[in-house]
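Only one structure is covered here, and it is reproduced in the block below.
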Amino acid sequence: MRTDRLTLVLLILPGAGFIFLFLAAAIAMTVLQSVGLYSLVGESKLTFEHWLSLADRTFIDSFLFSLKVGVGSAFGTLIFSYPLALFLRRRRFGTQLIGSIIKIPLFVPALVAAFLILNVLAFHGILNSALLGLGIIDRPLRMLNDKFGWNVLIIQIWKNLPFQLLILSATLESIQTDVEDAARNLGASPWRVIRHVILPLSAPGILIAVVLVFILTFGDYAITKVAGPVYPSSLSVLMYTEAFTLQQWGAAACIGVVITFASLLFVAIYARAARAVAEIGR
Amino acid sequence: MCACAAGFPAVSGLRLRNVVRHYGGFTAVDGVDLDIAKGELVTLLGPSGCGKTTTLRMVAGFMAPDSGDILFGERRMNDVPPHRRNTAMVFQSYALFPHMTVAENIAFGLKMRKIPAAEQTRRIGEAIDTVSLRGLEARRPGQLSGGQQQRVALARAIVTQPDILLFDEPLSNLDAKLREKVRLEIRELQKRLGVTTLYVTHDQVEALAISDRIVVMNKGRIEQVGAPETLYRSPVTSFVADFLGAANIVPGTAAGDHLVATPIGRFSVGPGRKLGGGPVKISWRPEDMRVVAPGAEANIVGARVRGVVFCGSFIELVLDAAGQQLRAQVDTGFRGREGDMLDFAVPSDRVRVVE
């Protein structure tokens, strides 16, 4: 019994220990720093001045920008990934090839992805050159660093499409073909099979896909830095600027806390929703 | 069961005309011709891979035949998609919608047909009574036993009043006791509704018990079609003889109009096809053999008892007749032992010549 427990502890220790040391401890440190304790620069004392300093336009704009990119990317990607997953579900000519090609962005780092798309969307990039050459436009369109962040969304969708596709394909795969056949047999047209059977049965997968992409994009640094608007920046970019440009480590810690806990909040919402959906399936 | 569910108004027969279906290089269904009369229950029986399920799925419209025609009544259905066919299928896995309640599952077909709400309610109520599911309407499939799920699948199918009812091994996930009970219920319901039914199974007992006619299939082709008793008593091929119950199959040569010479003796055979010359096979059932005193009658097989198996209502004997293994069923009064040399008589009207 004792050796069993010892073995168990030894098995858990490397993974759990690593996570605890570098994640839980780091998060705790950041939280403490945001209220002035364990300060890296200057003296340590309990204070809410860093939090109060956040209550300005820059922070709020950055927060809203990150929220917009997060929600926009999560649902924007879904618009493309779900129909694609439905299409790829049935093996037919070419689906395997399309399925492989589509996974490429998954293996391209975010920064590289941003640069790749940059070449296409830049002022003198491929798309503008093509549109000019075809005579569709007479002046190049500004598609990069636009205030809204369209290009960030485009790059995020490109980058996250295969990721959602993998999750959704696995979900659709788990739906029995018999169930779909039963619906067709009972008089449901292909569209109504999707609406009444496939869509509700894949809801848990859709939820996972949306929440995970939200968390990935909400805290994005690289893509916003390269292709995002000059103002506002994303929370991560703002955090970097505060820490390394303005030397405001306390404020940076606050932003870090906001990013972490916003993500955790969405995970919690997701967990609740997933449980509700699982109840329905039972 | 309640007697309020009326028969379906617009039932029609089903015809298959030289239907062929390939999977890559494999011919799953190889020229099937079949006429099913209005209200008849016909079973497709055969081992896995014989083409029975493929045939059923073509009738449902899940796949199209490569050649040949499928007709409901006079109407050619080849290019009609499944949701416009008005068939209803009971799946082996039941294929209930896990996210819907029992009532919603049963309502699905009516909803797709845009039946008015009041009529939906009435018909769902009838169907629930028919399969005795009262009180379980609000449950989800995951909260039901296998037998209850099977009933929901059945109710969901009949409530749509299909032209053709399809069963794909509907009982194979039930335990033996329940299988016999549900088998009877399905048959009774089908007769009452008078709905044309195509039923797929690999279980010969189930096929014998439930069918008006049985179609025995092998390697994508029809081996024989007939009433259960005809098929059991008069199989025309050794495959049918062997698949429908146990059979003793012995090779030999024709030695006269109704006489076959085999390594284990000469057998006079029952009426039927006139024999030409050359090699033939004969077949009879284990229960048609009985122990006789030495030197009696014709159609005698001398065999050594290799095994005695007590099976409750009868005793099964494993026999060796000059190297040919045979099986016999004798009554429980049998007092022989392993190693005994005995004579068995086989009545000539029970011996069939098979291909």
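Taking strands (runs of 3 or more DSSP E) as the structural unit, those lying wholly within the range B:182-239 and holding at least 2 residues that are free of Cβ contacts under 8 Å to residues at least 40 places away in the same chain correspond to B:221-226. Only one entry in B:ALA303, B:ALA345, B:ALA241 is crowded, with 17+ Cβ neighbours inside 10 Å and touching a Leu at 6+ places or on another chain (Cβ under 6 Å), namely B:ALA303.
Table: residues versus (1) at the interface with chain A (Cβ under 10 Å from one of its Cβ atoms); (2) under 23 Å from B:ASN173 (Cβ atoms); (3) part of a loop (DSSP other than H, G, I, E, B); (4) of a type outside the set (Asp, Glu).
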site	(1), (2), (3), (4)
B:PHE108	yes, yes, no, yes
B:LYS111	yes, no, no, yes
B:GLU119	no, no, no, no
B:ARG123	no, no, no, yes
B:ALA138	no, no, yes, yes
B:GLN149	no, yes, no, yes
B:ALA153	yes, yes, no, yes
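Against the conditions (1) within 11 Å of chain A (Cβ to nearest Cβ); (2) over 29 Å from B:GLU137 (Cα atoms), B:MET100 satisfies every one except (2).
Specify the residue that is farthest from B:LEU96 (Cα to Cα); the eligible residues are those in the range A:170-193 that are polar (S, T, N, Q) and in a loop (DSSP other than H, G, I, E, B).
A:SER189
In the set (1) assigned to a loop (DSSP other than H, G, I, E, B); (2) in contact with a Lys or Arg (Cβ under 9 Å, 6 or more places away or on another chain), the condition left unmet by A:ASP220 is number (2).
Restricting attention to the range B:284-339, the residues that are at negative phi, touching a residue at least 60 places away in the same chain (Cβ under 8 Å) and in a loop (DSSP other than H, G, I, E, B) total 1.
So that you can scan it fast, the table gives a plain yes or no per residue for (1) surrounded by fewer than 18 Cβ atoms within 10 Å (Cβ to Cβ); (2) at pLDDT below 90; (3) not small (Gly, Ala, Ser):
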{"position": "B:ARG122", "(1), (2), (3)": "yes, no, yes"}
{"position": "B:ALA157", "(1), (2), (3)": "no, no, no"}
{"position": "B:LEU166", "(1), (2), (3)": "no, no, yes"}
{"position": "B:ILE186", "(1), (2), (3)": "no, no, yes"}
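Residues that are among the hydrophobic types (A, V, I, L, M, F, W, C) and within 24 Å of B:LEU189 (Cα to Cα) within the range B:217-243 comprise B:VAL225, B:ALA227, listed in sequence order. The residues of the range A:129-169 that are outside any loop (DSSP other than H, G, I, E, B), free of Cβ contacts under 8 Å to residues at least 40 places away in the same chain and touching a helix residue (DSSP H, G or I) at 6+ places or on another chain (Cβ under 7 Å) amount to a single one, A:ILE154. For the range A:184-214, residues that are more than 7 Å from chain B (Cβ to nearest Cβ) and either over 31 Å from the mean Cα position of the chain (by Cα) or under 27 Å from A:LEU264 (Cα atoms) (or both) total 15. As for the range B:202-209, it holds at least one residue that is in contact with a helix residue (DSSP H, G or I) (Cβ under 7 Å, 6 or more places away or on another chain) and farther than 18 Å from B:PRO47 by Cβ.
Taken as a whole, the structure places B:ALA138 among residues that are surrounded by fewer than 21 Cβ atoms within 10 Å (Cβ to Cβ), touching a helix residue (DSSP H, G or I) at 6+ places or on another chain (Cβ under 9 Å) and either in contact (Cβ under 8 Å) with a residue 24 or more places away in the chain or not aromatic (Phe, Trp, Tyr) (or both).
Determine, yes or no, whether B:SER283 is of a type in the set (S, T, N, Q) and closer than 26 Å to B:THR237 by Cβ. Walk me through how you get there before you give the answer.
On the way: of a type in the set (S, T, N, Q): yes; closer than 26 Å to B:THR237 by Cβ: yes.
In short, yes.
B:THR201: modelled with pLDDT of 90 or more, within 23 Å of B:HIS83 (Cβ to Cβ) and of a type in the set (S, T, N, Q), yes or no? No, not satisfied. Elements of the type strands (runs of 3 or more DSSP E) sitting completely within the range B:19-97 and holding at least 3 residues that are closer than 14 Å to B:TYR199 by Cβ and within 14 Å of another protein chain (Cβ to nearest Cβ): these cover B:87-90.
The values are calculated or read from the model by the stated rules, or taken from the named source; none is laboratory data. Model, not experiment: these values are computed from the prediction. Reconstructed Cβ throughout: ideal geometry from the backbone, glycine too, with neighbour counts over all protein chains shown.
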